[in-house]
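S.K.: My structure is below; once you've seen it, I'll send some questions.
The values are calculated or read from the model by the stated rules, or taken from the named source; none is laboratory data. Being a predicted model, the structure only gives us computed values, none of them experimental. Don't worry about glycine lacking a Cβ; one is built from the backbone with ideal geometry, like all the others, and counts go over all protein chains shown.
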Amino acid sequence: MSIDLTIEDSVATVTINRPERMNAMDSEHYAALSDVWQRVRDDDGIRVAIVTGAGGKAFTVGADLKSRFSGGEPLSDLWLTQKGQLLNRGLEVWKPVISAIGGYCLGGGMTLMLATDIRVADETSTFSVAEVKRGLIPANGGTQRLISQLPHAIAMEMLLTGDAISVETAERWGLINKIVPAGTALDAAKEYAVRIAANAPLALQAAKELALRSRDLDLATGLRLEQVVARILRSSEDAKEGPRAFAEKRQPRFTGR
């Protein structure tokens, strides 16, 4: 079992490392992934995270159906709503998260992707939420985020047929940011991460939170919240460093304070 975490220059890379099972995840892997996301959330040394899959054949195909749905989980777990939270199931990670996708991005892999902010996919990638073909639903945000990130008819076609779409179709409908050559998604994601990590970390987290919370707010409330957060940020050290660096014609040295 392996959910790998490496940190370099404020960029965390989370790798689902189970290529022999197309990076499918059982209960142990989901628990380990939850721990890693909490580390990303809480570690001030991390400014941006990338999530990817090992082996090149799959980002992740989601839940390992041979072990995940064995019937061993007590029904009472349904009300342990804070247990084992994931990025795509309620865990609030306001640091930017980038998906680096190669090969199959299926089921829980796609719902994980939907919870990330920027998505890079190589030309071998395919996408589907095929749970209805197995008597299940795409949980962990599948029925919720897909309908908000795609036109209604396209989202419903994916949810109800369970059929896969190509990487070109995913790009056309805005599910991914860009297509890159096979095997280069992680490199492209790192390029994004370096550019993002150079920005002020408090401002990054504030911008992400405000944008995501706007989905549940009326415009007047969202504008007021934006005003309050902008005022708070103006008192930060980073807000002083940014203009100072600009005036001195140098790169800013942001500290997240």
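S.K.: Mind checking which residues of the stretch 74-130 are free of Cβ contacts under 8 Å to residues at least 60 places away in the same chain, of a type in the set (D, E, K, R), touching a helix residue (DSSP H, G or I) at 6+ places or on another chain (Cβ under 7 Å) and more than 30 Å from L202 (Cα to Cα)?
M.R.: Scanning the stretch 74-130 gives a single hit, E123.
S.K.: Moving to a separate point now. Being in a loop (DSSP other than H, G, I, E, B), more than 20 Å from Y192 (Cβ to Cβ) and small (G, A, S) is the filter here, so list the residues in the stretch 18-53 that pass it.
M.R.: Answer for the stretch 18-53, where residues must be in a loop (DSSP other than H, G, I, E, B), more than 20 Å from Y192 (Cβ to Cβ) and small (G, A, S): just A24.
S.K.: Step by step: first the residues of the stretch 3-17, then only those that are touching a residue at least 40 places away in the same chain (Cβ under 8 Å) and part of a loop (DSSP other than H, G, I, E, B), then the one that is nearest to L86 (Cα to Cα). Which residue is that?
M.R.: S10
S.K.: Being in a loop (DSSP other than H, G, I, E, B) and either loosely packed, with under 12 Cβ neighbours inside 10 Å or in contact with a strand residue (DSSP E or B) (Cβ under 8 Å, 6 or more places away or on another chain) (or both) is the filter here, so list the residues in the stretch 219-256 that pass it.
M.R.: Going through the stretch 219-256, the residues in a loop (DSSP other than H, G, I, E, B) turn out to be 234-236, 248-256.
Of everything in the stretch 219-256, those that are in a loop (DSSP other than H, G, I, E, B) and either loosely packed, with under 12 Cβ neighbours inside 10 Å or in contact with a strand residue (DSSP E or B) (Cβ under 8 Å, 6 or more places away or on another chain) (or both) turn out to be R234, S235, E248, K249, R250, Q251, R253.
S.K.: Taking into account only those residues within the stretch 140-177 that are free of Cβ contacts under 8 Å to residues at least 40 places away in the same chain and either touching a Gly at 6+ places or on another chain (Cβ under 9 Å) or not assigned by TED's automatic domain parsing to the domain that holds K190 (or both), which is surrounded by the most Cβ atoms within 10 Å (Cβ to Cβ)?
M.R.: Taking the candidates together, the pick is G142.
S.K.: Can I ask one more? Can you list residue pairs whose Cβ atoms sit under 9 Å apart, with the first residue in the stretch 44-58 being over 12 Å from A12 (Cβ atoms) and the second being surrounded by fewer than 17 Cβ atoms within 10 Å (Cβ to Cβ) and among the hydroxyl-bearing types (S, T, Y)? Count only pairs 6 or more apart in sequence or on different chains.
M.R.: Taking only residues 6 or more apart or on different chains, the pairs are A54/S2.
S.K.: Next up: Tell me, yes or no, whether the stretch 61-79 has at least one residue that is assigned to a strand (DSSP E or B) and assigned by TED's automatic domain parsing to the domain that holds K190.
M.R.: Our first condition is that a residue be assigned to a strand (DSSP E or B); within the stretch 61-79, this holds for 63.
Narrowing further to those that are assigned by TED's automatic domain parsing to the domain that holds K190: 63.
Yes - at least one qualifying residue is present in the stretch 61-79.
S.K.: A further question follows. Looking only at the stretch 10-46, which residues are aromatic (F, W, Y) and at pLDDT 95 or above? Talk me through it step by step, then tell me what you get.
M.R.: As a first pass, look at the stretch 10-46 and keep what is aromatic (F, W, Y): 30, 37.
Of everything in the stretch 10-46, just one residue is aromatic (F, W, Y) and at pLDDT 95 or above, namely W37.
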